[in-house]
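What follows is one structure encoded as structure tokens, with my remarks underneath.
Taken together, the values in this text are just the output of simple stated rules run on the coordinates, not laboratory data. These numbers come from a predicted model, not from an experiment. Methodologically, a virtual Cβ is constructed for each residue, glycine included, from the backbone with ideal geometry; neighbour enumeration extends over all protein chains shown.
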Amino acid sequence: MSARWLDRKAALVGIGHTAYGKRGEFAARGTFALACEAVVNACEDAGLSPREIDGFSSYSDDSASPAALASAFGCERVRYAGMVWGGGGAGMGGAFLNAALAIASGTAEVVVVTRAICQADGGRFGQALASERLPASLPELSFTAPFGQLSAAHMFALAARRHIHRFGTKLEHFAEIAINARLMARANPLARFREPISVFDHLESRLIADPLRLLDCCMESDVGAAVLITSPERARDLRHPAVLLAGASMGSPYRWGQGWMGAGSASDDDFTSAGQRTVAEDLWRVSGLSPADVDVALVYDHFTPMVIFGLEDFGFCRKGEGGPFVEGGRIRLGGALPVNPHGGNLAEVYAHGMTHVNEAVRQLRGDASNQVPDADLALVVAGAGPTPTSALLLRR
Amino acid sequence: MARRRALLPAPTPTALTAGFWKAAAAGRLVIQRCDECGAHRHTPTAACYRCQSLAWSWDPVAGSGRVFSYTWSHHPVHPALAPLGVYNVAVVELDGTEGDPVRLVTWIESVTPQTLRIGLPVEVLFERIDDEIGLPIFRPRV
């Protein structure tokens with residue numbers, strides 16, 4: 001595909017979300033109600049009626065189906081429905097790529113990307129593995145869970161441990177990701193965790209899966225979020241200046257599979273990464289842009305090391321140098337590359353990446369709480385782990 | 001070890017994986033190997049990544065390797081797992097396989113946080129569950 005084929009072919013015109021709850025807080029409402037509220041709020045933000053939505057895009061086997069959403073809102077017709085494979089927030093950018101392709105090809109006119117999480121409905125990841133018979137439909141789980149690899153933290157710790165071993169990455173580098181998230185969240189009244197933390201707090205927080213500590217891990221949340229996408233022409237009549245897609249990509253490197261969610265046969269360099277080396281290559285290729293063009297980065301921060309590894313994968317620094325890269329305030333507000341000015345998964349809410357897109361849109365509209373001056377280009381990096389992971393570039 | 005075995009879920013064998021678990025129950029480590037080009041692969045799958053052949057066999061391997069990475073789990077993901085206490089999960093890369101590295105998720109017996117390290121030479125041993133299922137685990141090689 002030639003460079004810039006998708007550039008300015010799709011516009012993000014409405015962002016919405018529910019209140020940000022702790023795990024189980026919205027159990028009485030349920031996942032589908034959260035999805036519907038997020039859609040209503042995104043439509044209100046755009047100045048569109050939910051009835052005008054004719055396309056639905058999501059990821060991670062989201063339970064709010066196009067059938068249920070279109071019926072609930074009395075949509076005139078459904079023209080597009082797409083789901084990206086893989087769990088967690090890895091496919092988030094892929095859901096935006098699918099939506100943009102549907103818009104750019106004329107398949108649909110208004111596509112909504114949705115993700116709603118209500119942990120009480122879906123069950124917790126590790127607990128499901130520990131308490132149930134392992135499913136024959138996912139034979140790879142039988143090669144991990146019986147050996148005690150039960151939680152996401154166990155898996156990400158394996159990558160973090162080897163990165164430390166190979167490159168001398170320090171726990172203080174992981175701490176900086178958590179500290180930055182909390183500092184950013186101070187200006188975000190909706191954020192779940194707004195108390196500042198120190199390196200000492202981080203290093204003294206209890207071990208979860210060595211080397212990962214409590215403050216390296218984001219907290220599960222009950223939340224719904226939605227983003228509306230339409231054509232740049234249609235966007236001109238809507239409420240806000242349009243934010244345009246500059247490029248998007250999804251995938252994984254050679255023999256990545258599910259990465260360290262399993263032992264894998266990926267190369268050592270990919271094992272000690274966020275698995276986003278090839279997604280980054282493709283993003284820069286299809287967009288015709290480079291890391292130097294990025295004004296603000298929204299990097300999926302389920303676990304602190306993945307921000308450092310993601311910055312390496314996307315070429316902001318060389319392989320292995322992500323730790324030193326985040327030193328000295330470089331990723332803080334006012335630094336050379338502000339990262340997650342909304343507080344991210346770690347401090348704002350864990351919405352499987354959707355709130356990173358919401359923040360990118362606010363930054364490019366110029367109305368973010370922690371506004372990066374003259375932000376013209378935002379990079380949004382989806383979750384590391386499953387195949388496919390994904391990313392998008394947004395411009396104003 | 002027995003307590004660990006009792007608390008964690010057992011593998012669910014499938015058509016592709018039953019041979020692996022059954023061999024481990026009999027005290028043997030077998031890895032899928034391509035009949036055409038000889039490449040080893042794990043976890044079990046239906047095609048060879050190198051030559052795309054669908055023909056394969058179980059190959060008994062020596063079961064020596066090195067610790068590629070590890071973690072010590074401190075937080076029980078389920079209250080029922082609290083009796084496990086602090087335990088390790090490791091990735092072991094096997095010696096002497098053909099093709100891309102062959103790595104297994106496992107755990108390492110007879111180590112402490114002071115002695116478990118990346119690069120530690122290890123050898124396989126087995127935790128038998130029943131006639132059909134065993135778990136290959138590892139201990140430091142002497």
### Task
In a Gaussian network model over chain B where Cα atoms closer than 10 Å are linked, find which of B:Ser110, B:Ser69, B:Ser57 has the largest mean-square fluctuation.
B:Ser110
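Please give the peptides A:34-46, B:10-22, A:65-77 ranked by average Cβ packing (other Cβ atoms within 10 Å per residue), highest first, as a rough proxy for protection. Before the final figure, lay out the partial values.
Details: A:34-46: 22.8, B:10-22: 18.5, A:65-77: 15.2.
Those peptides, ordered most packed to least, come out A:34-46, B:10-22, A:65-77.
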### Query
Which far-off residues, 5 or more places away or on another chain, put their amide H under 5 Å from the one on B:Ile137, with H placed in the peptide plane?
B:Leu125, B:Phe126, B:Glu127
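Multiply the residue gap between A:Ala67 and A:Arg23 by 0.36 nm, knock off their C-alpha separation, and tell me the result in nm, one decimal place.
Details: separation 44, 0.36 × 44 = 15.84 nm, distance 2.64 nm.
The A:Ala67-A:Arg23 span can extend by a further 13.2 nm.
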### Task
Relative to the longest principal axis of the C-alpha atoms of chain A, give the angle of the C-alpha long axis of helix A:304-313, reported between 0 and 90° and rounded to the nearest 10°.
70
### Query
Anyone know which of A:Ile331, A:Ile179, A:Ile164 comes out most mobile in the 10 Å Cα GNM of chain A?
A:Ile164
#### Entry: Zone residues, segment A:203-247, relative to A:Arg51, backbone N less than 12 Å from point 7 Å out along Cα-to-Cβ
none
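Taking R0 as 60 Å, what FRET efficiency do you get between A:Asp237 and B:Val142 from their Cβ-Cβ distance, rounded to the nearest 0.05?
For A:Asp237 and B:Val142, the calculated efficiency is 0.20.
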### Query
On a 0 to 90 degree scale, rounded to 10, what angle separates helix A:171-185 from the longest Cα axis of chain A?
30
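Pop the C-beta distance of A:Glu321 and A:Ala292 into the FRET formula with R0 = 22 Å and round what comes out to the nearest 0.05.
Details: r = 16 Å, r/R0 = 0.74.
Efficiency for this residue pair is about 0.85.
Give me a single rounded figure for B:20-28: the average over its residues of other chain Cβ atoms within 10 Å of their Cβ.
On the way: counts 3, 3, 0, 0, 0, 0, 0, 0, 0.
Mean partner-chain Cβ count within 10 Å for B:20-28: 1.
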### Query
Who wins for biggest fluctuation among A:Met155, A:Met250, A:Met184 in a Gaussian network model of chain A, springs between alpha carbons below 10 Å?
A:Met155
### Task
Along Cα→Cβ, 7 Å out, is where each label goes; now give me the distance between the ones at A:Leu203 and A:Asp374 in nm to one decimal.
3.9
### Task
Compute the relative contact order of chain A as a whole-number percentage, counting only Cα pairs closer than 8 Å that sit 6 or more residues apart in sequence.
26
### Message
Testing the spin-label approximation: label points 7 Å from Cα along Cα→Cβ at B:Asp59 and B:Cys37. State their distance in nm.
### Response
1.2
### Message
Which residues does the label zone of A:Glu172 cover in segment A:252-274, counting backbone N under 19 Å from a point 7 Å along Cα→Cβ?
### Response
none
### Message
Using the Cα centre of chain A as the reference point, and only Cβ charges (+1 on K/R, -1 on D/E), how large is the resulting charge dipole? Debye, rounded to the nearest 20.
### Response
100
### Summary
Scanning the protein assembly as shown, every Cys lacking a C-beta partner under 4.7 angstrom -> A:Cys36, A:Cys43, A:Cys75, A:Cys118, A:Cys217, A:Cys218, A:Cys317
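Calculated from DSSP H runs of 4 or more alone, at -39500 (n - 2.57) each and per residue, what is the 222 nm mean residue ellipticity of the protein assembly as shown, nearest 500?
On the way: 17 runs with 148 residues, N = 538.
Result for the protein assembly as shown: -7500 deg cm²/dmol, rounded to the nearest 500.
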### Query
With each pseudo-label sitting 7 Å past Cα toward Cβ, what's the B:Cys51-B:Leu84 distance in nm, one decimal?
4.0
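Normalised radius of gyration for segment A:181-271, please: alpha carbon Rg relative to 2.2 N^0.38 Å, two decimal places. Don't skip to the end; give the middle numbers.
On the way: Rg = 20.0 Å, N = 91, 2.2 N^0.38 = 12.2 Å.
In units of the globular-protein estimate, segment A:181-271 measures up at 1.64.
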### Message
Straight-line reach only, C-alpha to C-alpha below 18 angstrom: list the lysines that A:Lys170 could link to, leaving out same-chain residues fewer than 8 apart.
### Response
A:Lys319
